[in-house]
Every structure is written in structure tokens, then in C-alpha cells.
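Reviewing the structure listed below.
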Amino acid sequence: MFYSGGHTFGNGLPGTGASLYNWQTAQIWDVPGLRQKDMRDQAGSVLLGPAQDQKVMIVGGGNTDGNVAAINLVDIIDLKQPNPGYVPGPDLPGPGKTYVNLLNLPDRTVLAANGARYNRSDNVMTAAIYQPATNSWTSIGADPVGRNYHSSAILLPDGRVAVLGSNPLDNSYDTRISVYSPRYMFNGTRPTITAAPGSAKYGQQMTLQTTGTIKAAQLMSPMSATHQTDTNARLVDLPMTTSGGTVSATVPGNPNLLPPGPYMLTVLDTNNLPSIAKWVWIS
Ligand SMILES: [Cu+2]
């Protein structure tokens, strides 16, 4: 079990920082390379897609106890390495921020939304998208609503993102919802899944009927985020072949890669446009 080092409160406690746990032998190892471990209060962290790559990214964070200005540092770890350690990634564009919500998008990029410079104040309105393929960020239009503590962002099945909430120092709650439409909502005809099974077993080959020129199929877990963390977040690649509009996609056999439950099934075309999701129950 990997602990990214992002946390809620508790800066500077002994033993904080990133760790690997072997829960079967009750052993814990410190993981090297995480910069400014005591500035990772309410940082965002996410398992980058595809989950088979076993790469985790941590973004930003603050120090609520000290009320220090938040950071924009990004560190990335490859857990496939025999002795994994964080290495620096590209800085998040714009001011540093804590309360960073990260989420995988179905085009295999990652949205960084929400955030504030200080403890429940000084909202940072900037937002950006990370491209794992090029290890780089692109700034996007800002959410018009500032969102700090107890804010959230979740992927919708059509590929848009709902961004919710904020709980600033006066202890009010912002009830406004913003909806973010990524570039694939506007960049041409998206592929579609016209038929797919409603459930599939580990290791099973699924037969999908599709439109478009399909280059990949994938499952994404429905989001359940609190305090900037969706501990079940994952985008799992499905090895596939195509024949005309028929896609044969294989569910991995390892339940550690995708725990049983509901997933959003999408296909990606050769222009990196994703389809709208269909729900599939994996067991
Ligand atoms: Cu809370």
C-alpha cells in the first residue's frame, strides 16, 4: 500500500511523508524524494492513467498549522521501480495552492482544479491540465467561483467535470456548482459505444460495438472525493483489438488493479477524443 504524503492537517508529525506499507508483514518504509513534506497539507494526489503504469503524482499543498503560503511543487513516483522514489515534475502553473482537486479525464490527461493560498482563504482561481505523455501542464480557463476547504471535483459520465463547494474561514458553505467542459467537448465528432455488456468478469473479453476509429478502451472508477482525495481513483487500460466497428476489449485479471464494482467504460479515438461512458459492473 502506497501513501502519497498528501494529508489533511498534521504537518511536521514524526513519520509523515510518503511511505510504502506491507500490511501483511506490518512493515513500513519511508519513500524518498518528496519535496517539502510539511507543505503537503491538502495537496492533491492521483494515480495517473493508465493504472497499469503505477505512477502517482502529488500537486501543491500548504501548511494549515503554520498558515504558510501554499506551494506549486509537483512530484511524481513510478511504483514499478524496485526502490521507488519521487522525482520532480513540472511546477503547477500559477500561484501555489492547497485544496487541489486532481482528476483523471477520459482523454488520459489530469485536471487540477480548486485551491487557495492560505488556510481557507485567498482562493487561487487558476486551473490546469497535465499531459502524462509529455510531462507538461497547460493552463485552462479558471472556475469563476473560488473553492478552498471542503471543495470537490468529479468526472461526469459524458466527460464534463462538476466542481462543487467551498468552506472558507467564516464557516459558510458555497452551494454553487460549476461545470467544466474539456477540449474534447468541442473538437469534432466523438467516438461512440453503441453496445456493450452491462457486466464483465476478471479476465473476460468484452465485445463492444462502436463508431469512430478506436485506438484504446478503458475503465474509470466513479469518483468519491473528500479533502482533495479520491482513494479509489483509477483509469484502467483494456487491451483491445478492432475489426470494423467491433472492439474486443479484455478486462485485466488482477483485482488489485480494479477492485470489483461499477466502472465507466469509454473508448478513445485516434484524435484522442473519448466517447461518453457506459456503465459496466466488474466482478
Ligand atoms: Cu473536513
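Inclusion of residue 92 among residues that are outside any strand (DSSP E or B), of a type outside the set (Val, Ile, Thr), in the same structural domain as residue 17 (by TED's automatic domain parsing) and open to solvent by less than 30 Å² (accessible area, probe 1.4 Å) is warranted.
Looking at the structure I just gave you, is residue 216 assigned to a strand (DSSP E or B), of a type in the set (Gly, Ala, Ser), in contact (Cβ under 8 Å) with a residue 40 or more places away in the chain and outside the structural domain of residue 53 (by TED's automatic domain parsing)?
Yes: the conditions hold for residue 216.
Answer yes or no: is there a residue in the stretch 190-200 that is open to solvent by 40 Å² or more (accessible area, probe 1.4 Å), touching a residue at least 24 places away in the same chain (Cβ under 8 Å) and in contact with a helix residue (DSSP H, G or I) (Cβ under 7 Å, 6 or more places away or on another chain). Yes, the conditions are met somewhere in the stretch 190-200. Do we have any residue at all in the stretch 148-156 that's farther than 26 Å from residue 264 by Cα and either within 16 Å of the ligand (Cβ to nearest atom) or surrounded by fewer than 20 Cβ atoms within 10 Å (Cβ to Cβ) (or both)? Scanning the stretch 148-156 turns up at least one residue that is farther than 26 Å from residue 264 by Cα and either within 16 Å of the ligand (Cβ to nearest atom) or surrounded by fewer than 20 Cβ atoms within 10 Å (Cβ to Cβ) (or both). Of all residues being of a type outside the set (Phe, Trp, Tyr) and in contact with a strand residue (DSSP E or B) (Cβ under 6 Å, 6 or more places away or on another chain) in the stretch 19-29, which is nearest to the ligand (Cβ to nearest atom)? Just the residue, please. Result: 19. Within the stretch 223-244, the set of residues being more than 16 Å from the ligand (Cβ to nearest atom), over 17 Å from residue 55 (Cα atoms) and surrounded by 16 or more Cβ atoms within 10 Å (Cβ to Cβ) comprises 223, 238, 240, 242.
Restricted to the stretch 20-79, the set of strands (runs of 3 or more DSSP E) holding at least 1 residues that are in the same structural domain as residue 9 (by TED's automatic domain parsing) and open to solvent by less than 20 Å² (accessible area, probe 1.4 Å) comprises 44-47, 55-63, 68-78.
The values are calculated or read from the model by the stated rules, or taken from the named source; none is laboratory data. Every value quoted in this text rests on a predicted model; they were computed, and no experiment measured them. Neighbour counts are summed over all protein chains in view; Cβ atoms, including those assigned to glycine, are modelled from backbone coordinates with ideal geometry. Side chains included, ligands, DNA and RNA excluded: accessible areas come from the protein's heavy atoms. Shrake-Rupley method; radii C 1.70, N 1.55, O 1.52, S 1.80 Å.
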